[in-house]
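The values are calculated or read from the model by the stated rules, or taken from the named source; none is laboratory data. Just so it is clear, the structure is predicted and the values come from calculations on it, not from any experiment. Counting neighbours? That spans all protein chains shown, and the Cβs are built from the backbone with ideal geometry, glycine included.
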């Protein structure tokens, strides 16, 4: 008799909950040992990994997978190096668990503070890139959480081979195998089960296209840390250093078109538009970026007319919308209304403007004289990131180890009583 | 033509979103002025408040409302005093908005840190106590958020009268009226609308019975900060100072039976049960607390047999379940399994036991030699609380001003480019 998908997932969930108690109290040294041993195991298993990946690639080719997806799926030697380096980097990060802050005495005589603690069990649902298996597993492990990983069915052999290496690392450090579990079935029902077990799973992190994330957010009965659009803006104020503005705006768009931190809309103050726009347009056009502008923009440069839709669109491509705005207030209004609360930057040398922009723009990252493409866990010093959250609650922006933990109150007394009611 | 409930709520939501931009950038002084002026307005409007409350009380009596509910509903002079004091206390709390932490240079030359920011618009759904209107409005205002308050229909006149006083305070400080809005309709559809407008509402805080909170959590399309059960434990270890243990456990149960931090289950180490239990039982029985014990407990004291259900039950009453456990590990296992992750305390003088308990018990508050009834925003020094969260994500435990804010990344550069791609 075979096990149903629901029974199987319940079994994984129960094992993860138990393992979370063990990894939650593991020492930093023990967790680092597991990460280093997993890195060693990956290094020793290059042939295994390549062979497993070849099975996925062959199946992908057979199923007519697009070249871009096949490329994401491939575990090249450089990508295996990247996974090994990633594991060693996470091992070198400070352990967030157990840190206590703001411990102070209250008038009653009790001491109250906050202690950082693991969340418990984290479910990760992702698409084709098998290296996400390492990123997610290592960050969850270091932050004291158990993980259930559900990768794309097209990467199942690669993910299993990677998981085997992680298991070797866990075993080496004397940690239970259930600290990191890979869902072995490709049945889609497994996802439905994973997001509906609040008794076993504390949070779900979906990584992938907007469709996947919306579906999971809608159906989940467990909290979700999610990333939706990245409609990022750069606003060039009348007090901008224009040379800086040209370079920063160009970098924000062209560093990589496909990342969520890429600038999608450029806002230009009317008082500087005539001096700023022609040279900016020249640089973008030379690079092959299609420009779509409002009417005032089109008075200064050659651009297609931008429609209302353009202000709402994340192109992730060599297309840029440009709007001339009256002033800083209108720029902030535009960003808060049309943006996705991801990352927005002001180019100005004016202190008061910078202060206002950073206070009033309601985004996960607010920047000054910095290209929006810097929105990234590595660039921010998190060491690694499990994703970039566009939620406001819990974790906002790039999510690293701290975002995979919570804080509990610690209260230390010595027999103090409330209301001094003695018996 | 009358406005539909949905149109009405959309109008409130849109106004709240706009007002949130204003209150979000208001200075600390301006917010404090509004709070102090609202306190003055309440003080001047005692007659109005009492008259409005009398309408609610009369209607309540007419509808056969239970005496306990009528009592909650009553705005006595002492409760009006309490609201005034509460407003002035919130005015005196430090403003969390704009605080920047961990600002540091990255190798690329950018500076990265985190800035505390308001959440935006907070919806509060609560039952009969009209003083919640003041608690919620004042905390949201101080933390830079706009609020939409939906109180119980039985308190509608009282809530309106209180809201009028808050409006006077807002006007005095030059802040828009829509910073604090009270839903004027008692139509239940209004709640459905409020929890389904993510474009206008950033978070919902329900306050009331378990039924209300479960319904809202299930149906909400907006994140919810919620409080479910408070099944709190005290564990008396074999290294406890017994005199402390008797006093702390007694206080934890009897300070007030009806609060969520009241102890519901007492766990006693087997090595100390014989010395500890008889005197403990004597004190509880003298106070009229019904005891339900496991078999090993009943070997030492007179108690009804406890069933499996008892370990899962929040009595909120003069009833206590008692279990004798083998050791600390079994106590932790019991708490993590049967508890509600709210507040749990260990009584011990042994440092290693204290450390293990506080690290491994997966609760919002973990305590040492302290009665669980101390779980409270005022006792913790938050100044006030909007509720106690039993969620792990975002805010855990008593939620004060900090829990009504989030952190955004601030990034300050001076023209640094990513990947040093210059144009």
Test residue A:286 against the stated conditions and say whether it is within 13 Å of chain B (Cβ to nearest Cβ), at negative phi and more than 29 Å from the chain's Cα centre (by Cα).
yes
I'm checking my understanding of the structure. Among residues of region B:79-113 that are within 12 Å of chain A (Cβ to nearest Cβ) and buried (at least 20 other Cβ atoms within 10 Å of the Cβ), which one is nearest to residue B:394 (Cα to Cα)?
B:97
Give, as residue ranges, the strands (runs of 3 or more DSSP E) completely inside region B:314-423 that count at least 2 residues that are over 30 Å from residue A:364 (Cα atoms).
B:319-325, B:343-347, B:365-368
Quick test for you: out of A:87, A:65, A:57, A:49, pick the one residue that is farther than 30 Å from residue B:354 by Cα and at pLDDT below 95.
A:65
Whether any residue in region A:310-331 is buried (at least 17 other Cβ atoms within 10 Å of the Cβ), closer than 23 Å to residue B:414 by Cβ and free of Cβ contacts under 8 Å to residues at least 40 places away in the same chain is what I want to check.
no
Checking the conditions here, which among B:94, B:77 is within 23 Å of the chain's Cα centre (by Cα) and under 25 Å from residue B:170 (Cα atoms)?
B:94
Requiring at least 1 residues that are assigned by TED's automatic domain parsing to the domain that holds residue A:353 and surrounded by 16 or more Cβ atoms within 10 Å (Cβ to Cβ), the helices (runs of 4 or more DSSP H) wholly within region A:198-307 are A:242-254, A:273-287, A:295-298
Matching residues in region B:73-99 (under 22 Å from residue B:400 (Cβ atoms) and part of a helix (DSSP H, G or I)) number 13
Would you check if residue B:122 is at pLDDT 95 or above and farther than 30 Å from residue B:214 by Cα?
no
Can you spot a residue in region B:365-377 that is touching a residue at least 24 places away in the same chain (Cβ under 8 Å), more than 7 Å from every other protein chain (Cβ to nearest Cβ) and within 28 Å of residue A:377 (Cβ to Cβ)?
no
Search result, residues across region B:395-423 that are within 26 Å of residue A:114 (Cβ to Cβ), out of contact with any helix residue (DSSP H, G or I) (no Cβ under 7 Å at 6 or more places or on another chain) and at the interface with chain A (Cβ under 7 Å from one of its Cβ atoms)
B:396, B:397, B:406, B:407, B:408, B:409
Just one of B:382, B:404, B:393, B:368 is in the same structural domain as residue B:91 (by TED's automatic domain parsing) and either in contact with a strand residue (DSSP E or B) (Cβ under 7 Å, 6 or more places away or on another chain) or farther than 30 Å from residue A:357 by Cβ (or both); which is it?
B:404
Flag if residue B:363 is surrounded by fewer than 22 Cβ atoms within 10 Å (Cβ to Cβ) and either farther than 28 Å from residue B:87 by Cα or modelled with pLDDT of 95 or more (or both):
no
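Okay, residues lined up against (1) on the phi > 0 side of the Ramachandran plot; (2) touching a residue at least 40 places away in the same chain (Cβ under 8 Å); (3) within 17 Å of the chain's Cα centre (by Cα):
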site	(1), (2), (3)
A:109	yes, yes, no
A:112	no, yes, no
A:143	no, yes, yes
A:159	no, no, no
A:164	no, yes, no
A:176	no, yes, no
A:180	no, yes, no
A:187	no, yes, no
A:217	no, no, yes
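For (1) more than 14 Å from every other protein chain (Cβ to nearest Cβ); (2) surrounded by 24 or more Cβ atoms within 10 Å (Cβ to Cβ); (3) assigned to a strand (DSSP E or B), each residue gets a yes or a no:
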{"residue": "A:122", "(1), (2), (3)": "no, yes, yes"}
{"residue": "A:139", "(1), (2), (3)": "yes, yes, no"}
{"residue": "A:155", "(1), (2), (3)": "yes, yes, no"}
{"residue": "A:175", "(1), (2), (3)": "yes, no, no"}
